[in-house]
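Q: The structure is given below, and queries will be raised subsequently.
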Amino acid sequence: MTSLERVVASLAKLPGLGRKSASRVAYHLLRADPAFVRTLAADIVAVREKMRPCRQCGMYAETDTCGICADPSRDPSVVCVVEQSWDVETIEATREFRGRYHVLMGVLSPIDGIGPNDIRLGSLLERVRADGIKEVILATNPTVEGEATAALISAQVRELGVTATQLAHGLPMGSDLEYSDRLTVSRALRARVRLN
Ligand SMILES: [Zn+2]
């Protein structure tokens with residue numbers, strides 16, 4: 001195998017990259033600025049070796065405690081629970097949330113054999129017990145697994161006397177009602193807000 005063939009074969013194993021896209025990327029690298037390629041290769045190695053879950057929230061960081069957990073201006077009494085580290089970026093992009101996070105690093109999925117002990121649920125409950133948390137916002141995905149996970153967490157958090165809330169599920173902006181599925185419309189109807 002040539003190095004080109006090896007790069008194509010490796011890239012094709014990445015999510016979202018089929019053989020064709022892998023080949024296009026590899027040929028692009030073949031003619032790219034050597035300094036760019038060297039930096040890219042080093043960063044790929046570094047991302048695997050240096051990034052690790054934050055000791056408190058589980059978000060990937062290069063330090064033991066991530067920037068958000070270490071930021072004293074972030075409200076420690078409100079914790080937003082997400083499935084994966086990349087969900088934090090999505091919520092941060094809104095610039096609406098000034099609390100902290102807890103990354104579950106997964107979601108309950110009995111079919112795949114993933115139970116409560118396989119996600120970062122215990123560490124969340126420990127934080128709720130110890131940290132003076134007043135509200136836990138559940139921002140798991142609106143899937144069967146995400147909903148089941150949110151339901152379990154809200155029940156356990158309630159037992160500890162802490163409020164659990166969930167992101168409203170509504171209609172996507174910019175799309176027509178007729179293209180939304182029944183579940184989305186029924187959720188949006190239940191989460192309707194008063195306007196006057
Ligand atoms: Zn953190």
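Q: Do the conditions hold for Val157, that is, is it touching a residue at least 40 places away in the same chain (Cβ under 8 Å), crowded, with 16+ Cβ neighbours inside 10 Å and either of a type in the set (A, V, I, L, M) or assigned to a loop (DSSP other than H, G, I, E, B) (or both)? Please lay out each step first, then the result.
A: Numbers: touching a residue at least 40 places away in the same chain (Cβ under 8 Å): no; crowded, with 16+ Cβ neighbours inside 10 Å: yes; either of a type in the set (A, V, I, L, M) or assigned to a loop (DSSP other than H, G, I, E, B) (or both): yes.
No: the conditions fail for Val157.
Q: Continuing with this model, one more query. Output the residue which, of all residues in the range 123-154 that are β-branched (Val, Ile, Thr) and free of Cβ contacts under 8 Å to residues at least 60 places away in the same chain, is nearest to Glu83 (Cα to Cα).
A: The initial filter retains those residues of the range 123-154 that are β-branched (Val, Ile, Thr), namely 128, 133, 136-137, 140, 143-144, 149, 153.
Subset that is free of Cβ contacts under 8 Å to residues at least 60 places away in the same chain: 128, 133, 136-137, 140, 143-144.
Details: Val128: 17, Ile133: 19, Val136: 14, Ile137: 12, Thr140: 6, Thr143: 11, Val144: 13 Å.
The residue in question is Thr140.
Q: Can you tell me which residue within the range 160-192, out of those that are hydrophobic (A, V, I, L, M, F, W, C) and over 19 Å from Ile91 (Cβ atoms), is surrounded by the most Cβ atoms within 10 Å (Cβ to Cβ)? Give the steps one after another, and end with the answer.
A: Step one: of the range 160-192, the residues hydrophobic (A, V, I, L, M, F, W, C) are 160, 162, 164, 167-168, 171, 173, 177, 183, 185, 188-189, 191.
Retained after the next criterion (residues that are over 19 Å from Ile91 (Cβ atoms)): 160, 162, 171, 177, 183, 185, 188-189.
Numbers: Leu160: 12, Val162: 19, Leu171: 15, Leu177: 9, Leu183: 10, Val185: 14, Ala188: 16, Leu189: 10.
Out of the qualifying residues, it is Val162.
Q: I've got another one for you. Tell me which of these Val45 doesn't satisfy, since it passes every other one: (1) within 20 Å of the chain's Cα centre (by Cα); (2) more than 16 Å from the ligand (Cβ to nearest atom).
A: The failed condition is (1).
Q: Continuing with this model, one more query. Which members of the range 168-183 meet the condition of being within 21 Å of the chain's Cα centre (by Cα) and closer than 30 Å to Asp118 by Cα?
A: Ala168, His169, Gly170
Q: Sticking with this structure for a sec: Residues of the range 48-63 being more than 9 Å from the ligand (Cβ to nearest atom) and touching a Phe, Trp or Tyr at 6+ places or on another chain (Cβ under 6 Å), which ones?
A: Residue satisfying the conditions is Met51 alone.
Matching residues to (1) under 30 Å from Ala151 (Cβ atoms); (2) at pLDDT 95 or above:
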| site | (1), (2) |
| --- | --- |
| Tyr27 | no, yes |
| Leu40 | no, yes |
| Met59 | yes, yes |
| Asp64 | no, yes |
| Pro72 | no, yes |
| Val79 | yes, yes |
| Glu96 | yes, no |
| Arg100 | yes, yes |
| Val103 | yes, yes |
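Q: Note down all Cβ pairs under 8 Å where the first residue falls in the range 171-196 and is of a type in the set (A, V, I, L, M, F, W, C), the second is loosely packed, with under 10 Cβ neighbours inside 10 Å, and they're at least six residues apart or on different chains.
A: Every condition considered, the pairs that remain are Leu171/Leu177; Val185/Leu177.
Q: What residue, among those in the range 77-125 that are hydroxyl-bearing (Ser, Thr, Tyr) and surrounded by fewer than 22 Cβ atoms within 10 Å (Cβ to Cβ), is farthest from the chain's Cα centre (by Cα)?
A: Residues of the range 77-125 that are hydroxyl-bearing (Ser, Thr, Tyr), as a first pass: 77, 85, 90, 94, 101, 109, 123.
Next, only the ones that are surrounded by fewer than 22 Cβ atoms within 10 Å (Cβ to Cβ) stay: 77, 85, 90, 94, 109, 123.
Working: Ser77: 20, Ser85: 4, Thr90: 8, Thr94: 14, Ser109: 16, Ser123: 16 Å.
It comes out as Ser77.
Q: Pick out the one residue from Glu96, Glu89, Glu83 that is without any contact (Cβ under 8 Å) to a residue 12 or more places away in the chain and within 16 Å of the ligand (Cβ to nearest atom). Step through it out loud before you land on a result.
A: Working: Glu96 fails: within 16 Å of the ligand (Cβ to nearest atom); Glu83 fails: without any contact (Cβ under 8 Å) to a residue 12 or more places away in the chain.
On inspection, the qualifying residue turns out to be Glu89.
Q: Restricting the first residue to the range 34-57 and requiring it to be among the small types (Gly, Ala, Ser), which pairs with a second residue that is within 16 Å of the ligand (Cβ to nearest atom) and in a loop (DSSP other than H, G, I, E, B) meet a Cβ separation below 9 Å and a spacing of at least six or different chains?
A: Every condition considered, the pairs that remain are Ala46/Glu62.
Q: A further question follows. Looking at (1) part of a loop (DSSP other than H, G, I, E, B); (2) closer than 26 Å to Ile114 by Cβ; (3) among the polar types (S, T, N, Q), which is the only condition Thr165 fails?
A: Evaluating Thr165 over (1) part of a loop (DSSP other than H, G, I, E, B); (2) closer than 26 Å to Ile114 by Cβ; (3) among the polar types (S, T, N, Q) leaves (1) as the failure.
The values are calculated or read from the model by the stated rules, or taken from the named source; none is laboratory data. Owing to the predicted nature of the structure, the values given are computational and were not obtained by experimental measurement. Every residue, glycine among them, receives a Cβ derived from its backbone with ideal geometry; neighbour counts consider all protein chains shown.
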